[in-house]
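Let me begin by presenting the structure, written as structure tokens, before commenting on it.
The values are calculated or read from the model by the stated rules, or taken from the named source; none is laboratory data. These figures come from a predicted structure and were not determined experimentally. Positions of Cβ are backbone-derived with ideal geometry, glycine not excepted, and every protein chain shown enters the neighbour counts.
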Amino acid sequence: MRTSNKNLITTMAMGLAMGASMTAIQGCDGEGPLGNLAEQCGLTCDGEAFINGKANVSGIAGIDAFFGAAIDLNTAIISVNTDLRAELDAIAVSVGAQPGATGAEISAALETHLSGYISGGLTVEYAPAKCEASIEASVSAAAECDAKVDPGSVTVECKGTCQADASVEAGCSAEAEVVCRGTAPSLQCSGTCEGSCTVEIQGSASCDGTCEGTCSAECDLYDGMGNCAGRCAGMCSGSCTSDLTAGASCSGKCEGTCEYTPPDGSCEANAEVSCRAMAEASVECSGKCEGEVEPPSVSAECKATVEAKASASIECSPPELAIKWQWAAGVEGNADAQAEFKAWLEGFRAHFSAIIALRARGEIIADAALNLGAAGEGAVKAFVDELSGDVDIKASVGALCALDQLPVAVGSVTSSAQMLSANVQAAGEVSASFGG
């Protein structure tokens, strides 16, 4: 019986697919029975693809989108971990501790350092760091993973505040309100102020900040005219400037950032415009979302990929700090000691504010890494299962390449997340020293 060319080719293709599938992983090291032929036909695996930052592991879009998201998430984890450790070390070294010190060791060194200058400890007030996720990253990930997603028509919902362009006022839905963020008109903030607030004092009053004028008791800093220009231990006459964290009201001049809801629904020309969703509601968002992102609807296999990509894109802004203290008895009236402490405090302010933001971002992406490890493994295997019975040789080999790299990707992301979690815990211990 004579076999037709068509049947022969089909039989050879199926045999080659089976042989390639059985030997593809071996072929990754160049020692497989297909030898150079497999390499020339693109039927080998790159055993170091993931660790070298290559997402094109399998040649299958949905699977490679997962590896791309894992690479982005791993890169974000490593970056946050490096930056967070650097900020912790900067504070540690400034108070006599060693780089790499634990959170408890840094806290103890801080307490010793502060006791030489102030009494009653340092009070640090701040609002939670503002974290924003990129909507574009979610849409892009959805389109890369799920062929049925059209990036031009897909929508993403934001449960929180969605940043938009200046023309958005008329576009906020009935379930959202326009919010302006920027310099307050004439420095008079009708909403909340983040920065400094200057109040003109009628008569005299206590000032929890910088007193500019006269002080009935000790003032820790005087200007060239002999007027108080610092912290007043008594009653202040003149003006009082206090540092405010986000969410605080200012009855005077807000010199910083004012967040307000305009009565006419229109923001100032230089203000950042957002749509803030009402309670339990969400708004369609195409910019950056401060709050919970509801990713576009995708296949079950792509859900973990889109969520990982969105988490990797999150950025958190350092908050303003309001720092208060009382001088120790031996430092009262000692201008040199006070100047020394204030110089240290400026460095601490910058590092501690950065730690708050990095800790917030670190907690988000560390959680995303744990979710990716569990859900991602099932997603990739689901893609591979869909290819079962496919006689496409490259797809068969690509699927096995993906299964080969899957534990590498999951292991790498999990390991990075564990290291980050240790520094996030240290940051939490340091923050707890100041009530955070």
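Taken over the stretch 413-436, residues that are of a type outside the set (Gly, Ala, Ser) and either without any contact (Cβ under 8 Å) to a residue 12 or more places away in the chain or outside any helix (DSSP H, G or I) (or both) amount to 2. Do we find a residue being in a helix (DSSP H, G or I), among the acidic types (Asp, Glu) and at pLDDT 90 or above anywhere in the stretch 302-310? Scanning the stretch 302-310, I find no residue that is in a helix (DSSP H, G or I), among the acidic types (Asp, Glu) and at pLDDT 90 or above, so the answer is no.
Taken together, the criteria place Glu200 among residues that are of a type in the set (Asp, Glu), surrounded by fewer than 16 Cβ atoms within 10 Å (Cβ to Cβ) and touching a strand residue (DSSP E or B) at 6+ places or on another chain (Cβ under 9 Å).
Tell me which of these Lys309 doesn't satisfy, since it passes every other one: (1) under 30 Å from Ser173 (Cα atoms); (2) in contact with a strand residue (DSSP E or B) (Cβ under 8 Å, 6 or more places away or on another chain). It fails just one condition, (2).
Taking the numbered list (1) assigned to a loop (DSSP other than H, G, I, E, B); (2) at pLDDT 95 or above; (3) not basic (Lys, Arg) in turn, Ser58 passes all entries but (2). With the checklist (1) at pLDDT below 85; (2) over 19 Å from Ala69 (Cα atoms) in hand, flag the one item Val298 doesn't pass. Status for Val298: all satisfied but (2). For the criterion of being in the same structural domain as Thr123 (by TED's automatic domain parsing), at pLDDT 85 or above, of a type in the set (Asp, Glu) and surrounded by 15 or more Cβ atoms within 10 Å (Cβ to Cβ), Glu363 passes.
Answer with yes or no whether Leu321 is crowded, with 21+ Cβ neighbours inside 10 Å, among the aliphatic types (A, V, I, L, M) and closer than 20 Å to Ala129 by Cα. No.
For the residues Ala322, Ala343, the requirement of being more than 23 Å from the chain's Cα centre (by Cα) and either closer than 30 Å to Ile63 by Cα or at pLDDT 85 or above (or both) singles out Ala343.
Annotation note: Cβ proximity below 7 Å between a residue of the stretch 399-412 that is over 11 Å from Ser58 (Cα atoms) and a residue that is among the polar types (S, T, N, Q) and buried (at least 22 other Cβ atoms within 10 Å of the Cβ) (sequence gap 6+ or interchain) occurs for Ser412/Asn74.
Within the stretch 221-241, none of the residues are touching a residue at least 60 places away in the same chain (Cβ under 8 Å) and either touching a helix residue (DSSP H, G or I) at 6+ places or on another chain (Cβ under 7 Å) or not in a loop (DSSP other than H, G, I, E, B) (or both).
Each row is one residue, and each column tells you yes or no for (1) in contact with a Ser or Thr (Cβ under 8 Å, 6 or more places away or on another chain); (2) surrounded by fewer than 19 Cβ atoms within 10 Å (Cβ to Cβ).
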site	(1), (2)
Lys54	no, yes
Leu88	no, no
Gly96	yes, yes
Ala141	yes, no
